[in-house]
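For reference, the structure discussed in these notes is given below.
Throughout, read-outs are computed from the coordinates displayed, never taken from laboratory work. If you're wondering where the values come from, they're calculated on a predicted model, not measured in any experiment. In this analysis, Cβ positions are derived from the backbone assuming ideal geometry, glycine residues included, and neighbour counts consider all displayed protein chains.
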Amino acid sequence: MTDAQVMVPLRGGDGMTSWRPWAPDVAAGVVVLLLGVLEVLRLQTSYYAPDPRPAAILVTLGIATSVALARRLPAAALALVWVVCAVQVVTETQLLMIELAIGAVAFGAARWGSATTVWASALSIPAAAAVAVLWIDSSIFYRAMETAGFRSLVDTTARFSDRWQISAAVLGMSVLGVPWLAGLALRFSARASQSRESQVTAEAERDQAEEIARLRESQARLAQDVHDVVGHSLAVILAQAESAQYLEDVDTRALKQTMTNIATTARTSLHDVRQVLSASNGSSTAPPRGGGLDSLVDGVRASGHEVASTEVGTPQPLPPELEVVAFRVLQEMLTNAIKHGRRGQPVLVERHWEGELRIEVRNVIDTSAPETQPLVMAAPIPEHVGQGLEGMRRRLESVGGRLDVRRREEAGGPTFTATAWVPVRSR
């Protein structure tokens, strides 16, 4: 709490301003006031003319008030102490033992004051010693010590009458310096504790943010897997259903084979979706059933599309996570070829094993289909076109791969080429 802070009135159930936060401070001030009054009543008035008791009572009241303000308003308490001490010096009012309570104000300024208040209280300690040495009369100092019962100390000091100021300065700095240092130590201790608590809170918030990011990433992967599986299977089923329209009515064998292919595709897709949903981290950790890349090519061929597949180099075994990426990427490439390619034109699939796996799928674009228009507007294809393209790019980048998609104008019509590079690592 700083000197800039003031107590906000609290309203109780009866609508009255609550005094409870101030209760300990007021109690401390009342105790100081009572002790001060008792001390004033015991003053030996024979030393003074006129009677010093009225002025001493005012000094006692000021000290008690500053003690009551020391915790809540340390700057005001410090200022009040200086006003009281200044009046006491000017009027040569008797020093009182109750003024030792000023140590509580020094403690409060160092413990709860603002930075300005802390510095002001630190400078006040040597300043008070200087005032004691330069302006306080020796008789006032001796009488205060004698009133406090330190007669032997008075006699010892009297032998060195020219050095009483040193005793007064050391005594004053001790009375004020020790509480001030204690308050400062508690202030730094509280700040260190708050810093540790803030660090723990920040770490907890960071862990929570990381967990949320992990969950969102898992959800995105899950959505991408479902998109790839369902999108591919629906595209193949649609192609097979459309091809069945061109079969002769009497060719029941071919019709049954088409229906069998549709059922197989749907069954495989259902299994893949279940596998994706059952994975704990939201993405498949093992290749889909029937696993290989050749199974994707065969499935597209079974739907009635002509696929020209070539493989260059020696195939290498891939770790499960890379095998899944290669499978899903080729799956999405073939899905796009089926959806946006011109029927009757072959889909070209190339796989190159040259240090890394390069997968390339090229098809002639069917410009007559409205749904293909976003894919033929520009070259290269912008990143924001198509959830499937962006999903492929994210998959590849997550394992250190990359994706390139381009449209080319050729003699047979515009073509769309998707090329993916999958790094090859040993199991």
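Taking other residues whose beta carbon is less than 12 angstrom from the beta carbon of Arg214, and scoring Lys, Arg as +1 and Asp, Glu as -1, yields -2. Subtracting the Cα-Cα distance of Arg253 and Glu210 from their residue separation scaled by 0.36 nm leaves 9.8 nm.
Calculated FRET efficiency, Leu134 and Thr201, Cβ-Cβ r, R0 56 Å, to nearest 0.05? Efficiency, rounded to the nearest 0.05: 0.60.
Note on Leu123 and Ala27: with the Förster distance fixed at 25 Å, the Cβ-Cβ geometry gives a FRET efficiency of about 0.25.
This ranking places Met259, Met333, Met392, Met173 by how few other beta-carbon atoms lie within 10 Å of each, fewest first, which gives Met259, Met173, Met392, Met333.
Distance between the pseudo-spin-label points of Val230 and Glu350 (7 Å out from Cα toward the beta carbon): 3.5 nm.
Distance between the modelled labels on Ser193 and Arg406, one decimal in nanometres: 6.8 nm (7 Å Cα→Cβ projection). Gain on full extension, evaluated as 0.36 nm per residue between Thr314 and Ala86 minus their Cα-Cα distance, stands at 72.3 nm.
Residues Glu205, Glu360 in ascending order of nearby Cβ atoms (within 10 Å, fewest first): Glu205, Glu360.
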